Amino acid sequence: MYTKEIEVLKVEVMSMLLATGTTMMQKLDFIDKIERLGISYHFEDEIQNQLEQLFNLSTNLGRHLEYDLSTAALQFRLFRWGKELDILSKVPYARDRFVECYFWDVGTIYEPRHSFARMTLAKTIAIAGIIDNTYDAYGTLDELKILTEAVERWDGNGIEQLSDYLKTSYMILLNFNKELEEDLSKKQTSAAFMGMDSATKDVMDWMPTHPKLFVALGKHTRLLNDVGSYKFERETGSGMAIECYMKDYNVFEEEAMKKFEDMAVDAWKDINEQCLRLTTFPRKILKVILNLARLCEVVYKQRGDGFTNQRRIEAHIKAILVDSISL
C-alpha cells in the first residue's frame, strides 16, 4: 500500500522538479526543500542536471530581476560548494555549516573585489571544522597520532592504517591545499591572506614570526569557542578545556568559565593595542584580523555556539545575506 503511495508521490515531485515556466529562484528553492527533507536520493540525476543548467546561467545572473542576496546564498549552498568539496557524502560526521562559514567570511572580508579571499576563507573554516570534529569526537588516539604525522609529512603517505573516513578527511585537507596553491599560482600572488592585494612581501615575512596580534587572535578564538561549545561537548563526551581547568585548579564550572572569559578579554586588549599602534603595515590586513575577532564575538556570544546551533545566529545571517537594506 505504502509503496504505491510513495511511487505516486515520487512522480508528482519529479513532475514539479522538471516543470518548465518556473523562475530560477523557485527552482532553487524547490531543490533546497527536497534536500532538507532528505529525499534527494530519489532524484539525484535530475537534481544534478537542473543544477548544472542553473550553474551554466551563473555568468548572466545579474539579468534576472529576482537575483538578490537570498538567491546568492541559496546558490552558494546548493551547487558552488557541494560541487567542489562534496564533504557531507564523504565524511558523514562533518557538520553542514557551509552557509555559516560563508557568513563568517563575508563579515570578515566584505569588499566585492575580494571574492577569491572569501571563498578561500569559507573553505578553510569548513575544513577546519572537519579536522576539529575528527580530533575531538571521531578518531581514536592511535589514529590521530598517525593522522598528525601524516599532516606533518604532507605527502599523503602512511595513512593506510586509518579508517576510510579519516583517510578522506586527510585527503580533503591535502587536496584543498594543492588546489589553493594552483589557484594562487595562476593569480601570481601569495597565500598570505588568501591572495589579497594588500598582502605584501613584508606581510608574508611577518606572519611566520608569530606576531602578538596573531597570538592574541588565536587565544581569543580558542577561549570563546571553549566557553561557547562547552555544554554541547560535555553532552557528546568530547575533550573539554573547561573540565581540564576545573580539575587542574580544583574550581567549579562557573569560576572556570569566568576565567576563560577574562582571558578572552585580555586577548581583546592585545588585539586592540596592536591595531591602534602606528605601523607601516597595511591597515586592510589589520582590519581583517579585527573582523575575525568580531565575528567570534557574534558566533559565540552569551556562552553559546552559533556554529553548532545555527538558530543563535540565524538573524545575523538573514541580515547579511537575505534581508535587503532600505535606502
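No value in this document is a laboratory result; all are computed from the given coordinates. If you're wondering where the values come from, they're calculated on a predicted model, not measured in any experiment. We place every Cβ from the backbone using ideal geometry, glycine too, and count neighbours over all the protein chains shown.
Some points to look at:
- Note on segment 240-268 and segment 108-135: Cα centroid distance 28 Å, given to the nearest whole angstrom.
- Summary of packing: across the peptides 258-266, 104-112, the per-residue average of other C-beta atoms within 10 Å ranks them, highest first, as 104-112, 258-266.
- When each of the peptides 221-234, 21-34 is scored by the mean number of other C-beta atoms lying within 10 Å of its residues, the order from highest to lowest reads 221-234, 21-34.
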